[in-house]
Amino acid sequence: MTPPSSLAPPRPHPASMTAPPFPGMTPPARALAPQKWVRGEEQRREREKQARVRALEAEARQGSPTPVDLRAGAGGDAEFAVVGRVEGPYEAETQEAFAVVHLKGHQYKVTADDVVYVDRMRGVEVNDVVELRRVLLLGSAGETVIGRPVVPGARVTAVVEEHFLDGKRVTFKFKRRKGYKRLYGSRHELTTLRIRGIRSG
């Protein structure tokens, strides 16, 4: 008499009929294990390589500010400092040199008696004499000095002539077939600087 199907022993799955190649671990998991280990080892070696490169770069700089330090408030030297004040008419020095200075996130090529428009400088008043300290490059007809990233001891002096608002910039946004329209207007705050002189240190 044939036993009922409910009492018949379950048929083994074909995949379980073959013994796994490694005891205690199924073949798919064991097959992926070496790949994961190799990938992790490569990532570890890459991290060690990047750490060695960063250490060599830091040793080569020897305390010089990095490009990140050039941003305002990044912990490096101040971008500018008030060193005096002018009363009445003044004249700029006569120089053949030029410089590239970093100020308020931008770089400006300046010479004596140039007028530069920069983002609003807080903490200074009209007729204040400011010293720009982050000089990236000095040049003349005979030679050029490139900073790494700044030229040690180089300074550019300037006079604050005006604080003013730039012309209005209009921004219009819309989305078609949605009835969405927006009109924005803004006026940027600027400061006028007149370069008085360039000092190499």
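Each reported figure results from applying straightforward, stated rules to the coordinates on display, with no laboratory input. What you see is a predicted model; the values in this text were computed from it and never measured. Heads up, the Cβs are rebuilt from the backbone with ideal geometry, glycines too, and the neighbour counts pull from every protein chain shown.
Determine ³J(HN,Hα), in whole Hz, for all residues of region 141-149 in sequence, where each value follows from phi through the Karplus function 6.51 cos²θ - 1.76 cosθ + 1.60 and θ = phi - 60°; x replaces Gly and Pro.
5, x, 8, 9, 10, 9, x, 10, x
Taking region 119-167, which GluC sites (Glu not before Pro) meet the DSSP loop condition and have no more than 11 other C-beta atoms within 10 Å?
E125, E143
Which value, in debye to the nearest 20, gives the size of the charge dipole of region 80-199 about its Cα centre, when Lys and Arg are +1 and Asp and Glu are -1 at the Cβ?
Working: 22 positive and 15 negative charges, 352 e Å.
Computed charge dipole of region 80-199: roughly 1700 debye.
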